[in-house]
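Okay, so here's the structure we're looking at.
The values are calculated or read from the model by the stated rules, or taken from the named source; none is laboratory data. Fair warning: this is a prediction, and the values are worked out from it, not measured in the lab. Here Cβ is always computed from backbone atoms with ideal geometry, including for glycine, and neighbour counts include all displayed protein chains. Ligands, DNA and RNA are stripped out before the accessible areas are found, and what is left, the full protein with its side chains, is counted by its heavy atoms. Shrake-Rupley method; radii C 1.70, N 1.55, O 1.52, S 1.80 Å.
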Amino acid sequence: MSITDIIVNKSTGGARHDTLMKGFNLRWPPTEEEGAATIYVCRTEDEIEQALVAALTDLAGGVGNPIPDMSRASDAKKMNNRITVRSGGHCYEGFVSNNKGGAIIDVGLVSGLLEGPVATVDCDENGIILSGGHSDRKEYAYKFKLLAGTQNWNGAVELFKRHGKLIPGGSCYSVAAGGHICGGGYGFNSRKSGLTIDYVCGVDILVVTKDGEVVKRHANAFVNSDLFAACRGAGGGSFGIITAYYFELDTENLTAEQKQKDYKPRSLPPAPTAVAIMMLNIPWSQFQDGGEFEKLEEEIEPEGFKKFKGLLERYGSYWGDATKGKDPKTWGLFSILKLTHSSSGNLKLNLQYHDANGKLTDSNTLQGFLDYIFNTETTNTESGKEVKSRADKALPPIKYSHAEHHAGGIVSGATPKNVENLPNGAYVLDWLSATQTFNGVAANQRSKYKSSYMKTTFTATAIKAFWKHLTIPATTTEKDKHGKPIDMDMSQLFIQADSYGGAINQFAVRPQPSTPNTYLYSELNADSQFSERTSHVKVQYILFWQSDEDDKAYCGWLDALYKDVHSDQIKRTPFPFAKGNEANGDTDLAKMTVNPDYAGCYINYPDVDMVRDLPMPADLGQVDKHPNWGVLYYGVDGFKKLMKAKAKYDPFNVFRHEMSIPVEKATP
């Protein structure tokens with residue numbers, strides 16, 4: 001097939017081009033002129049490779065060689081325009097769509113879950129994928145091959161229908177594997193089963209060598225292991241084009257030397273037999289005093305604020321408590337607390353639960369969680385007597401109600417008929433129906449996002465900041481095109497505090513003698529990834545609006561809130577190191593202590609404001625001497641390793657965006 005058959009540009013595509021140059025976030029591209037000139041709509045892995053070759057040649061000006069010789073400075077300089085990659089189109093920032101004069105390689109139609117011989121990879125000792133017979137080939141046999149364009153819902157349905165298994169990824173149905181997995185994707189099943197990358201055993205990725213050659217490499221724990229690690233947590237758009245992920249490596253085909261290494265690939269987990277779900281509304285009105293939200297004064301806390309504070313403190317502390325969220329019997333519990341603006345009427349809490357065996361034979365954990373965070377009175381028997389208690393006797397219970405929601409799939413042959421202590425209002429669904437229930441996504445709008453990893457509960461500074469910003473009308477000094485003040489609508493503000501930890505954190509921690517070995521640990525597998533494993537809550541800040549005239553106002557409002565939440569932290573961010581001598585001008589990270597409250601940000605929720613607030617040092621060899629956004633997202637050691645991998649596999653920075661891994665220096 002001719003390459004022209006998969007090209008969409010303004011002259012050939014018209015309205016189709018105008019649509020395809022956009023992503024989920026309608027802020028990008030800001031104008032039509034700032035969008036990609038060419039879009040390659042690929043349907044096969046071969047077409048992805050053809051598109052990359054064509055894009056390189058086209059952007060370099062057709063230098064005479066089929067692919068420009070990137071080792072020649074004259075050719076490299078011509079690569080001013082970018083090549084970006086799209087799988088599902090959900091990149092929060094403009095990394096893909098803001099590509100003036102450049103090319104988007106769209107792999108969204110390259111989808112499906114493959115098995116059998118097509119899930120076996122033949123490559124040479126350098127991981128270059130071979131076709132045909134080669135005497136020196138290495139064979140890696142896997143059970144599953146997941147193509148990069150596969151969307152979450154389609155992958156979930158296919159894997160469940162055929163094998164009753166799951167990949168513990170996100171709930172948004174149209175997010176695709178390509179970007180989701182490599183950024184360390186997680187979801188409702190991650191506390192029980194870990195992250196998506198914990199199960200990835202191999203990756204196919206197209207890279208561009210220093211000679212300008214497009215090469216398809218295979219990467220796993222034994223070949224191109226540094227590239228394999230980068231594809232497990234570093235995010236997309238930095239090293240090449242991932243075309244497929246592999247799961248369940250057949251270790252029988254490994255060499256004797258490989259078998260000696262501490263490597264235990266995980267099998268994909270079975271889907272739970274049944275789950276209980278709850279969607280709750282928490283009225284803002286109960287936090288008022290005399291019908292109003294009282295302002296905070298020095299050393300004086302209004303009663304309504306005390307209730308709000310207690311709710312947040314208990315919710316955050318639950319997940320890191322050894323007798324609660326850290327106990328393996330609770331790992332089947334996942335929740336999202338949505339802090340909204342008070343004008344919306346209700347905070348929200350969504351829950352999914354199954355017991356430690358993936359069933360619903362007992363739901364005491366779910367009831368215990370509700371009693372704890374809502375400060376509900378419980379009755380226990382002590383020394384033969386009934387004793388009533390609450391988590392915080394100084395505060396009243398938190399009121400909540402059940403939200404209306406779709407409850408299809410309630411009847412299932414696998415659903416238990418009697419569930420002990422099932423909370424009032426909980427629905428029992430089979431797992432696939434529950435996944436569909438939480439499968440929604442907001443309409444394509446203009447939006448801004450931020451994130452943080454919390455290691456403990458909400459700090460006092462954070463709670464006061466939320467109270468300050470969420471209980472008063474949102475205002476801005478920005479004006480509309482008529483010079484009038486912008487009327488800000490906070491109905492689509494969501495600060496989502498997702499439960500984390502559990503099996504996620506256990507993956508990268510060697511079992512201790514006092515800790516039951518409830519998970520599968522291997523040193524090689526734990527080292528071959530980049531992801532945060534010390535936090536217990538992941539927070540996502542989300543704000544939607546409609547008009548491009550309002551961009552500055554809404555982005556500025558969310559930025560101000562975020563800075564206030566982290567006002568006692570380095571550069572007013574959730575930086576993974578705590579303030580030490582930084583106030584005196586000493587920014588050496590080696591002299592700082594590890595932050596007890598925060599562990600940085602999540603790369604799948606990228607935020608270019610962090611580049612502004614934590615700029616990279618001019619000398620990339622000094623990234624451990626100054627707070628910077630690379631350390632914020634990957635830690636010191638992780639960021640250094642990623643820069644080395646970048647120099648090795650993409651030395652001329654072909655794949656780049658505002659937050660891609662920078663090139664320190666090219667390797668010889």
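Summary of computed values
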| quantity | calculated |
| --- | --- |
| Breaking point among (1) farther than 28 Å from Met278 by Cα; (2) part of a helix (DSSP H, G or I); (3) in contact with a Phe, Trp or Tyr (Cβ under 9 Å, 6 or more places away or on another chain); (4) of a type outside the set (A, V, I, L, M, F, W, C), for Lys192 | (1) |
| Given (1) open to solvent by 10 Å² or more (accessible area, probe 1.4 Å); (2) touching a Gly at 6+ places or on another chain (Cβ under 9 Å), index of the condition Val275 fails | (1) |
| Lone unmet requirement of (1) open to solvent by less than 10 Å² (accessible area, probe 1.4 Å); (2) within 16 Å of the chain's Cα centre (by Cα) for His180 | (1) |
| Lone qualifier among Gly358, Gly316, Gly320, Gly332 - being closer than 26 Å to Ser433 by Cα and under 21 Å from the mean Cα position of the chain (by Cα) | Gly332 |
| Checking Lys563 against (1) open to solvent by less than 30 Å² (accessible area, probe 1.4 Å); (2) modelled with pLDDT of 95 or more, the condition it does not meet | (1) |
| Residue match in region 609-626 (condition: small (Gly, Ala, Ser) and surrounded by fewer than 19 Cβ atoms within 10 Å (Cβ to Cβ)) | yes |
| Residue within region 466-487 that is more than 28 Å from Trp629 (Cβ to Cβ) and polar (S, T, N, Q) present | yes |
| Selected residue [in a loop (DSSP other than H, G, I, E, B) and among the aliphatic types (A, V, I, L, M)] from Ala244, Ala229, Ala156, Ala234 | Ala234 |
| Check on Ala322, under 22 Å from Tyr427 (Cβ atoms), small (Gly, Ala, Ser) and assigned to a loop (DSSP other than H, G, I, E, B) | no |
